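The next block holds one structure in the form of structure tokens; read it before the comments.
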């Protein structure tokens, strides 16, 4: 069967049965289409039956020569593994070529975080906006506050509705990956800010149904690029180096929680991680803080043997 047709079937499966987000499906589509284009151009392969592990290895070498990072290659190979498992399960192939594929080692990188004093300065030192900018100012401030207060993903924030906020139980309902729903506790100061924001939102958009929590100036739901730009612009005020993305605020939330003694399993549940291994990456940042504190506080930390 033609490889391009099978890619379409696999993507339809991800959407209908696995309930993957459009963003994730697009990522799978791009990765599979890149392999498809490569094997047609380099080997004139059209069908899945002709494809072997050597062709996939050639694609990996080609990507590395083109400067694609090991992290990106690993992600693309992960997408291929999922696809070829499904192809094998459905009987489209007899042998899975991905079983003979090994991936390049990824360099270990610690999550980028914003320093506490810098973030507090951003959250507290707000300049009063002009009357016509009141809603945009309130929305952008609330987005930063909510990212840092809950650690949610950009895709999760984008689909928040006014009904997801439970002022009585002090919780916010989040729909995560795979449509899994979780509730995240929020503090009274954040609830007060949300209440104030909703008043400004409703005054600014009278008659608009109270559904989507964050809106554009044209009363449309905010979108991925807009959220990224808002966070990047806000963080640029206090964090001149490194990444400035919504995911940095997610990393910052988890790291600061660990630094202040939060239980790792509790953070796992708040973040919506499927396994504890995904959450443990944040312990490296916290351990560096512990070592620094130990070096400063322990009476013998600065001494060498025999002195």
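The values are calculated or read from the model by the stated rules, or taken from the named source; none is laboratory data. All figures in this text were calculated on a predicted structure; none of them were measured in a lab. We place every Cβ from the backbone using ideal geometry, glycine too, and count neighbours over all the protein chains shown.
Summary of computed values
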quantity: Residue in the range 33-71 that is surrounded by the most Cβ atoms within 10 Å (Cβ to Cβ), counting only those that are closer than 24 Å to residue 14 by Cα and modelled with pLDDT under 90; calculated: 48
quantity: Within the range 164-179, tally of residues that are out of contact with any helix residue (DSSP H, G or I) (no Cβ under 7 Å at 6 or more places or on another chain), closer than 20 Å to residue 223 by Cβ and free of Cβ contacts under 8 Å to residues at least 60 places away in the same chain; calculated: 1
quantity: Test: residue 182 is farther than 22 Å from residue 124 by Cβ, within 17 Å of the chain's Cα centre (by Cα), surrounded by fewer than 20 Cβ atoms within 10 Å (Cβ to Cβ) and assigned by TED's automatic domain parsing to the domain that holds residue 124; calculated: yes
quantity: Residue match in the range 203-225 (condition: under 28 Å from residue 238 (Cα atoms) and more than 24 Å from the chain's Cα centre (by Cα)); calculated: yes
quantity: Condition check for residue 139: touching a strand residue (DSSP E or B) at 6+ places or on another chain (Cβ under 9 Å) and either in a helix (DSSP H, G or I) or touching a residue at least 24 places away in the same chain (Cβ under 8 Å) (or both); calculated: yes
quantity: Residue match in the range 113-135 (condition: out of contact with any strand residue (DSSP E or B) (no Cβ under 6 Å at 6 or more places or on another chain), modelled with pLDDT of 90 or more and closer than 29 Å to residue 237 by Cα); calculated: yes
